[in-house]
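The values are calculated or read from the model by the stated rules, or taken from the named source; none is laboratory data. All values reported here derive from a predicted model rather than from experimental measurement. Because the Cβ atoms are built from the backbone with ideal geometry, glycine has one as well, and the counts that use them run over all protein chains shown. Heavy atoms of the whole protein, side chains included, go into the accessibility calculation; ligands, DNA and RNA do not. Shrake-Rupley method; radii C 1.70, N 1.55, O 1.52, S 1.80 Å.
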Amino acid sequence: MGNNKKELIDINNINAADYNNKYKGHLYCTTTNCTAKLSYVFRDNNSDHFRTWRESPHIETCLYYFEKTRSREGRRTEGQVIGLASDERIIRSLREAFALEMMTEAEKVKRLERDREKRRTKRERDKIRGSKDSTPAHRIVSNPDEIDETTLTDGFRLFKKNADALKEGDIGQTRTVTGILKRVKINNSTNTVIVVEKNKIKVDIKFEEAFFAANNRYIGMFHYLERYFNDFNNLVFSATGEVRFNETTGRYEIVVFNSVGFLIHGKMLERIAADYSIADDELE
């Protein structure tokens, strides 16, 4: 920004014209000490996002840090190809899930028809190219215990589902799941459970010790989510993580491991915490 003025830019409050005329070349990561330069990417389907410049990576301690890889191949295990979704892909999936939830029914129908047409076109293109039908099944993992140096990123479809659409076949898979925020339960500093609901079906979103061990900046931050939940109604919560089923509660669970693996009504928790911190400082 000109005159060394700093401004916090929300993805929902910027458009292509603003970027080209005002912000291009002046957008940077908001994480302390991270100097990654950002560009704004516009998408017709409301999945606009920020992207790092090619030679301007995030620092390793940054919330948005990720390692790029040139390979699209993952680890093959008994007919499956094992891989993990990049941070950029997860963020894009979460933003798309939120945008879809905010659509009208007519817009959703139009979106489904467009997606069907894309799949039909792809099938026809594959037939022309003579693609084989024996494509190995893809499985995205998010649990660090299942990730090693052979588990690479990208080339894998990250499925999005509403909370009421989870099935037995999703267990053990990584999914982006969306519902209306119903409860924030902070058990202790390294264990928080978020309850979301869709069509009266509840799903528990779990942030366990492994999440906080890898992302210790979030320790003590979830009370801001609790405040946000108490201040606003009908918040859309989306999370990307490993699907499990709890026999005791009879509910599906999403266990989040990734630092960028959840959004609250299209916002990251860090943004919500920053807004409350600024508001609190102004009251003092």
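Some observations on this one:
- Segment 176-274 holds strands (runs of 3 or more DSSP E) entirely within its bounds, and those carrying 2 or more residues that are modelled with pLDDT of 95 or more and among the basic types (Lys, Arg) map to 201-207.
- Here is the figure for segment 186-204: residues that are of a type outside the set (Asp, Glu) and out of contact with any helix residue (DSSP H, G or I) (no Cβ under 9 Å at 6 or more places or on another chain) total 4.
- So Asn233, is it closer than 16 Å to Ser259 by Cβ and out of contact with any Lys or Arg (no Cβ under 6 Å at 6 or more places or on another chain): no
- Where a residue in segment 222-241 is farther than 13 Å from Thr192 by Cβ and basic (Lys, Arg) and its partner, wherever it lies, is open to solvent by less than 10 Å² (accessible area, probe 1.4 Å) and modelled with pLDDT of 95 or more, with Cβ under 9 Å and at least six apart: Arg227/Ile272
- Hits in segment 78-117 - residues which are among the aliphatic types (A, V, I, L, M) and either over 30 Å from Ile59 (Cβ atoms) or not in a helix (DSSP H, G or I) (or both): Val81, Ile82, Leu84, Ala85, Leu100, Met102, Met103, Ala106, Val109, Leu112
- Tabulated pairs, segment 7-28, first closer than 20 Å to Gly266 by Cα, second at pLDDT 75 or above and of a type in the set (Val, Ile, Thr), C-beta under 8 angstrom, 6+ apart or interchain: Leu8/Thr30; Leu27/Ile9; Tyr28/Thr35
- Number of the exception - Ile278 against (1) in a helix (DSSP H, G or I); (2) closer than 18 Å to Leu94 by Cβ: (2)
- Every residue from segment 23-53 that is assigned to a strand (DSSP E or B), at pLDDT 80 or above and open to solvent by 90 Å² or more (accessible area, probe 1.4 Å): Tyr28
- For the condition open to solvent by less than 80 Å² (accessible area, probe 1.4 Å) and either closer than 20 Å to Arg271 by Cα or in contact (Cβ under 8 Å) with a residue 12 or more places away in the chain (or both), Asn191 qualifies.
- For segment 133-175, filtered to residues that are assigned to a loop (DSSP other than H, G, I, E, B), among the polar types (S, T, N, Q) and within 17 Å of the chain's Cα centre (by Cα), the residue that is modelled with the highest pLDDT is Gln173.
- Complete set of residues in segment 243-277 that are out of contact with any strand residue (DSSP E or B) (no Cβ under 6 Å at 6 or more places or on another chain) and basic (Lys, Arg): Lys267, Arg271
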